[in-house]
1. Taking A:ALA82, is it at pLDDT 85 or above, closer than 29 Å to A:ALA40 by Cβ, more than 8 Å from chain B (Cβ to nearest Cβ) and in a helix (DSSP H, G or I)?
2. Can you find, within segment A:167-184, the residue that is nearest to B:VAL47 (Cα to Cα) among those that are more than 9 Å from every other protein chain (Cβ to nearest Cβ), assigned to a helix (DSSP H, G or I) and open to solvent by less than 10 Å² (accessible area, probe 1.4 Å)?
3. It is to be established whether one or more residues within segment B:215-229 are among the basic types (Lys, Arg) and farther than 30 Å from A:ASN76 by Cβ.
4. When segment A:65-79 is examined, which residues are found to be within 7 Å of another protein chain (Cβ to nearest Cβ), more than 20 Å from A:HIS166 (Cβ to Cβ) and either in contact (Cβ under 8 Å) with a residue 12 or more places away in the chain or open to solvent by 30 Å² or more (accessible area, probe 1.4 Å) (or both)?
5. Tell me, which residue of segment A:29-64 that is of a type in the set (Gly, Ala, Ser) and assigned to a loop (DSSP other than H, G, I, E, B) is farthest from the other protein chains (Cβ to nearest Cβ)?
6. For segment B:42-61, what are the residues that are under 26 Å from the mean Cα position of the chain (by Cα) and surrounded by fewer than 16 Cβ atoms within 10 Å (Cβ to Cβ)?
7. Restricting attention to segment B:140-155, does a residue exist that is within 14 Å of another protein chain (Cβ to nearest Cβ), assigned to a strand (DSSP E or B) and surrounded by 18 or more Cβ atoms within 10 Å (Cβ to Cβ)?
Amino acid sequence: MRASGNMTAPRRRPIFVLSALNEFDYEATLAACAAGEHAAMQGLYEREGARLLGVVQRIVRDRALAEDIVHDACVNIWTRAASFDPTRGSARGWIYSVTRNLALNAMRDGSREVGVDEDTAAALDARASVDAWHDMADAFAWQASAGRIEHCLQQLEPVRRNCILHAYVDGFSHGEIARQLDAPLGTVKAWIKRSLAALRECMA
Amino acid sequence: MNTEPQAGMPPDIHELAGEYVLGTLTAEQRRAVELRLATEADLQAAVLAWGERLLPLASLAEPVVPSPRLWKRIARSIDALAVPARRVIQPKPWWRDWRSLGLWRGLTAGGFATAVILAAVLVERTMDPPPATRFMVVLVAPDDKAPGWVVQASASRQIELIPLGVMEVPADKALQFWTKAEGWSGPVSLGLVTPGQSMKVPVDKLPAVKPNQLFELTLEPRTGSPTGKPTGPIRYIGRAVQVIM
């Protein structure tokens, strides 16, 4: 749908919440949203919209549904901005949590989830050996991820790293990871548990 | 269940929180965590900590440039909430808020998706404990966009249709409730509706409600549509918006 007449220049409002360091101030943006400033929401969308859509699209794997979810996420962020508590976490983290939770809920509630039943899992477990996974290659260019987690991911065996990344980035369920890696379900579950424990310890 | 603790050990909330944030829990497990999050501060803290730990991994997903329509749609939705709704809500019974003119003013101009949020925020703010409502829909008249019904789809796989007023239905006609998600071949009947009365519909046989899923009420013969599909005019229509917590 296109408006007639005024298609000349893209309307561009200034990104209006900049801190002294010229970094986007997510916390101030949420405070402005809570105060009812539309420009704050637009600034946030211009800053993060494509990244949020990327995160959601990767999880839901459907462009139209991904845009629906980003719409809902932005409306949730707008209406719930006042409930964000900066003493308990980062504003950017909160924004991504709201968005990822909507995407994950939509996928887990949807029909995509095909559970591997326990019998199948047991059969798979019986014929598999963890040794076979030692040479697995990385499925993600995870070194691009900044911060502490890069160092801690490095400490995991590639196959366990892949489990974590397929779950977080691709939104895969245990069963989907097991199929993706052609690994036993029970083993995948154990890998993820142990990897989470190792990451938490490493990042403490 | 795979999350059972070792004998004698309490369930590890860090492990549970980690799998919640990672996304590997099933729908039921996610709902159980969300219910506990409402009251358990240590689980909340564990979930927040995992959110922060894993956030850098979000950058591994390639950005996708949204269609120009998306911002327009978001702007329309938040425009109708000139002031975020939770700030204007008075502590009075939610149903009275729903019927207040001021609350609904502006919704008619803003389209119906936005109305959903107001209703959702109202419900979220005023019921205690918070219900596990996952989707809200405001059904509006297609011509003047006047809201007539609210639909809540809860985690209990039940859809509740709540009237915002009484509407006239000719004696030889009935209102029939339908829904259709993207990809379905046609609308599915959720039953006949009595004007002015709320109705609960179990939907265990249907797939879970999805964002943007269509809901509508059509005017049909008194015993319902003879074809199993809508045959009469749409009286109220709206789309589902997902709401968390």
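1. no
2. Going through the qualifying residues, I end up with A:GLY175.
3. Yes.
4. A:GLU67, A:VAL70, A:ASP72, A:CYS74, A:ASN76, A:TRP78
5. Going through the qualifying residues, I end up with A:ALA35.
6. none
7. Within segment B:140-155, one or more residues are within 14 Å of another protein chain (Cβ to nearest Cβ), assigned to a strand (DSSP E or B) and surrounded by 18 or more Cβ atoms within 10 Å (Cβ to Cβ).
This table checks each residue for (1) at pLDDT 90 or above; (2) within 11 Å of another protein chain (Cβ to nearest Cβ); (3) part of a loop (DSSP other than H, G, I, E, B).
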{"residue": "A:ALA132", "(1), (2), (3)": "no, no, no"}
{"residue": "A:MET136", "(1), (2), (3)": "no, no, yes"}
{"residue": "A:PHE140", "(1), (2), (3)": "no, yes, yes"}
{"residue": "A:GLU150", "(1), (2), (3)": "no, yes, no"}
{"residue": "A:ALA190", "(1), (2), (3)": "yes, yes, no"}
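The values are calculated or read from the model by the stated rules, or taken from the named source; none is laboratory data. Keep in mind it's a predicted model, so treat the numbers as computed, not measured. For neighbour counting, all protein chains shown are included, and Cβ atoms are generated from backbone atoms with ideal geometry for every residue, glycine included. Surface accessibility is based on the protein's heavy atoms, side chains included, excluding ligands, DNA and RNA. Shrake-Rupley method; radii C 1.70, N 1.55, O 1.52, S 1.80 Å.
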